[in-house]
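For reference, the structure discussed in these notes is given below.
The values are calculated or read from the model by the stated rules, or taken from the named source; none is laboratory data. Since the model is a prediction, treat every value here as computed from it, not as a measurement. Cβ sites come from the backbone with ideal geometry, for glycine too, and all protein chains shown count toward neighbours. Quick note on the areas: whole protein, heavy atoms, side chains included, nothing else; ligands and nucleic acids left out. Shrake-Rupley method; radii C 1.70, N 1.55, O 1.52, S 1.80 Å.
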Amino acid sequence: MTTPHDDPERARRFREAALPHLDDVYTLARYLLRHQADAEDAVQECYLRAYKHFDTYRGPAIKPWLFAILRNVCHAEFARRAGAPVKALDDAPETTEQAPLWQDSVETPEGAMLRQRDASSIQRLIDTLTEPFRETLVLREINNLSYREIAEAAGVPVGTVMSRLARARAMLRAAWLAQEEP
Amino acid sequence: MTCDDAEILIHALADGELDAGHAREVEAHIAACPRCAAELTAIRQMKQALAGADLITKAPAALRLRIEAALPAAAAASITPLAAVPSRRTLLKGFAMGSAVSALAATGLVAIVLRNDDQQRIEAEIVSAHLRSLQAGHLTDVISTDQHTVKPWFNGKLDVAPPVIDLTAQGFTLIGGRLDYVDARPIGAVVYRRRQHVINLFVAQTSSTARRASRLETIQGFNIRSWRDRGLSYWAVSDINPDELNEFGERFERTMGGSG
Ligand SMILES: [Zn+2]
């Protein structure tokens, strides 16, 4: 018995469209989950779900679509960690005082030691941001999405993206300055 | 422009997201405001630091191989692709195999699916067109509060010119018309104003002549009232509240009905 998923042409189209973005998706997963092994599993799950639902992808840009799926996978992972029902990050009040959904096992990646010091110290600073500000900053500055693409990936209005980004940068600057103080 | 107005727009300027008109406005403010000028410089420096740091983390080769292997396996095996190539850890298996969490997570996926169906896609494009129109200089191709000026303007530009109705007496001021593109086709937009809010009424020919009652939806924070009548599809888009948008649609439909 064949299913639509057996179609080799479909698999080929999916590879060509989605696999070039693997590093981008993995990078976002690292920032969302702040845990290498969890990020790897989330990315694998994301790609398998994306493949399964590839027929629903209508373009033009596939990155926001992949990111939206990744976010769903990560939110389920947050819920698992918290032992609580799935709660969208967006439901959280947007205050700086808000505790991260999940704060333990902020691990330093093994490879970080090898990377230039600047990148790893910047990554650590970004890791200190709370959600949804961290995700918004990463989508913009690291994944290079436009405001509209971020809105699509995160499922929020463009205006929300803009205010979150302004807040994220203010938070990052504060963390930056705090670190540079002697 | 005040510092408050500029605050968020400065970020959009630094990100290259502002249209030329708004960019000029923000730049004019910055030229006269040292505080906001310093803010823009700080944002640009931060952007440079982030861009220069190469913050993309390459996916481990093993992960890439696992995904590569899972794809054809998913094709050949069954409806539970993860069964073919298990994750390195069983961590995420719980919901992949259909736990309660999986069901909840799937509802998120349903939203994605819905957002991509044809109707939703066209409505998303309508909202995009509305957003584009709000950029400086993009709102109207013909500016007139006179329906007898706006309506003939569409003639020859579209297969069917959209009906242009004066609703000023009902509190919706006609301000002009515009040729726009939705779903890769030209579409007429009649532009109204309610207080400071713009209402774009998009009108397209449809193959169906059956009347369809109105639907009200919210997409990306904008309200859309759509209906179909006498071979035309209508989408009224605005950030005014749903009640007022409904009122607009009802008055439009009533006036159209009255005109025969
Ligand atoms: Zn200012």
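Numbers below:
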read-out	value
Residue list for the range B:232-246, filter: touching a residue at least 24 places away in the same chain (Cβ under 8 Å) and either open to solvent by 10 Å² or more (accessible area, probe 1.4 Å) or in contact with a Lys or Arg (Cβ under 6 Å, 6 or more places away or on another chain) (or both)	B:LEU232, B:SER233, B:TRP235, B:ALA236, B:ASP239, B:ILE240, B:PRO242, B:GLU244, B:LEU245, B:ASN246
Some residue of the range A:30-46 being assigned to a loop (DSSP other than H, G, I, E, B) and in contact with a Pro (Cβ under 9 Å, 6 or more places away or on another chain)	yes
Residue match in the range A:98-105 (condition: part of a helix (DSSP H, G or I) and either modelled with pLDDT under 90 or crowded, with 20+ Cβ neighbours inside 10 Å (or both))	no
Pairs with Cβ under 6 Å, 6+ apart, first in the range B:181-203 and more than 13 Å from B:LYS151 (Cα to Cα), second open to solvent by 40 Å² or more (accessible area, probe 1.4 Å) and among the aliphatic types (A, V, I, L, M)	B:PRO186/B:LEU179
Matching residues, the range A:145-175, being not in a helix (DSSP H, G or I) and not hydrophobic (A, V, I, L, M, F, W, C)	A:SER146, A:GLY155, A:PRO157
Filtered residues of the range B:159-170 (kept if open to solvent by 30 Å² or more (accessible area, probe 1.4 Å) and not hydroxyl-bearing (Ser, Thr, Tyr))	B:ASP159, B:VAL160, B:ASP166, B:ALA169, B:GLN170
Failed criterion for B:GLU68 (all others in (1) at pLDDT 90 or above; (2) charged (D, E, K, R); (3) in a helix (DSSP H, G or I) hold)	(1)
Candidate set: the range A:171-182, residues that are facing another protein chain (nearest Cβ under 10 Å) and open to solvent by less than 60 Å² (accessible area, probe 1.4 Å); chosen: the one nearest to B:GLY221 (Cα to Cα)	A:LEU172
Residue that is nearest to the ligand (Cβ to nearest atom), among those in the range B:30-49 that are in contact with a helix residue (DSSP H, G or I) (Cβ under 8 Å, 6 or more places away or on another chain) and of a type in the set (Val, Ile, Thr)	B:ILE30
Tally, over the range B:26-58, of residues that are open to solvent by 20 Å² or more (accessible area, probe 1.4 Å) and either touching a residue at least 40 places away in the same chain (Cβ under 8 Å) or among the polar types (S, T, N, Q) (or both)	3
Residue ID - nearest to the other protein chains (Cβ to nearest Cβ), chosen from residues in the range B:1-29 that are within 21 Å of A:LEU137 (Cα to Cα) and away from the ligand (no atom under 16 Å from the Cβ)	B:GLU17
Options B:ILE199, B:ILE143, B:ILE187, B:ILE175: the member that is under 23 Å from the mean Cα position of the chain (by Cα), of a type in the set (A, V, I, L, M, F, W, C) and surrounded by fewer than 20 Cβ atoms within 10 Å (Cβ to Cβ)	B:ILE175
